[in-house]
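Bear in mind these aren't lab numbers, they're just calculated from the coordinates by the rules spelled out. Just so it is clear, the structure is predicted and the values come from calculations on it, not from any experiment. Cβ atoms come from the backbone with ideal geometry, glycine included; neighbour counts cover every protein chain shown.
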Amino acid sequence: MNRRKEIVSRLIPHTTGAVLDSATAFAPVNIALAKYWGKRDIELHLPVTDSLSVALSVGTTTTLYQNTHQDVIELNGSPVAESSPFFQRLTQFLDLVRPSPSFRFRIVTHNDVPTAAGLASSASGFAALTLSLNRFFQWNLSAESLSCLARLGSGSACRSIFPGFVLWQKGDRDDGMDSHGIALPFSWPELKLGILMASSTEKPISSSLAMKRTVETSPLYSIWPSVLEKDLRELLETLETKDFSRFGSSLERNALTMHATMHTASPPICYWLEETVHYLHTVWHAREQGLQIFATMDAGPNVKILFLASDELHVRSLFPQMMEIPLRS
Ligand code: DP6
């Protein structure tokens, strides 16, 4: 038995309950404030460091049915080709949990993320699939076990099992049983998030490959764990104190350091486009003028900005094209 399958067999009880006719679940998109960047175990998606995210109100809703001969996947109302990487990735994940090798699924999945937001996320997708599997097979798994299972689909999916602010503790065990999300008891209703689109085309290199190349070749990667630790500590402190200026500085520095590690990989990886740099300069200039606004970017060119509700009108006048997405806290 391969390692992933062996771990799944320990996560899921042997006595699985009856299969329902169908089961549906929703999982939110999450935005990392302290980033997951680099794996200590590629096969199990075990991270080098902890990370911290906040969930959005948008995400993925997935319904599962049993099917007769083959797996069938529908995404946003259209069938997904068997040859596509998306289909392959999902069915490989399903291979880990099929009750018998011939068991087949029909999966109907819908992203309510506006396509134009460029947030089409494997994290909410694998989390929604995991939650619907849990209902479908009536496993009654704990949130921690669900988070470990979702991680085997995509690392950041382990955070999308929960709403609100989520800490993914890296864990120390080789089998990853202690590497899962934890819901944090913070709420910050005044916190707002907006998306500035630079491009909605597919990214040139996947985050998995980009982090692997960064870990292997960037001379800056050695400082990443200590930077992350400091930024994460400050973010957790400021979630308590609601010191937005310190909170924003930490999350922006964390994103910029992550991108600096990629820019110095060999060959270099740069997701930024001209528009990305333009948005960043606009944010920094506005901050010099006194506006409390901070930016973060993931493995893509789009910029997410964080600000407080009291500054919303000002931020909207600065970025009329901004798409505001409510947080799910
Ligand atoms: C930059 O979770 O997509 O968004 O584990 O290989 O599937 P895999 O990677 P993934 O990486 C996300 C990286 C990031 C930062 C973050 O979300 O923490």
State the antiparallel share, in %, of DSSP beta bridges confined to segment 59-202, rounding to the nearest 5. 80
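Considering only DSSP beta bridges whose two residues both sit in segment 45-139, what percent are antiparallel, to the nearest 5?
70
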Burial-style ranking of 143-149, 104-110, average other-beta-carbon count within 10 Å with highest first, yields 143-149, 104-110
Under the rule of at least 5 residues apart or a separate chain, name every residue whose amide H is placed under 5 Å from the amide H of Gln66. Arg106
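Do you know the relative contact order of the chain, to the nearest whole percent, from alpha carbon pairs under 8 angstrom that are 6+ apart?
Values: 655 pairs, mean separation 69.5, N = 329.
Value for the chain: 21 percent.
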Pairs of Cα atoms under 8 Å, at least six residues apart: use those to get the relative contact order of segment 212-329, whole percent. 22
Between Lys212 and Ser200, with labels modelled 7 Å along Cα→Cβ, what's the label distance in nm to one decimal, could you check? 3.0
Apply the Karplus parameterisation 6.51 cos²θ - 1.76 cosθ + 1.60, with θ equal to phi minus 60°, to every residue of segment 305-312 and state each ³J(HN,Hα) to the nearest whole Hz, in sequence, with x for glycine and proline. 10, 10, 7, 9, 3, 5, 9, 4
Can you give the Kirkwood hydrodynamic radius for the chain, in Å, rounded to one decimal and based on Cα pairs? 20.4
Which of the helices in the chain meet the span-like rule: DSSP H, Cα axial reach of 18 Å or more, Kyte-Doolittle mean at least -0.5? 122-136, 224-241, 244-263
Residues whose modelled amide H sits under 5 Å from the amide H of Leu273, counting only those 5 or more places away in sequence or on another chain, are none
For a test of the definition: using alpha carbon positions, the gyration tensor, and the 1.5 limit on a/c, classify segment 1-128 as rounded, prolate or oblate. oblate
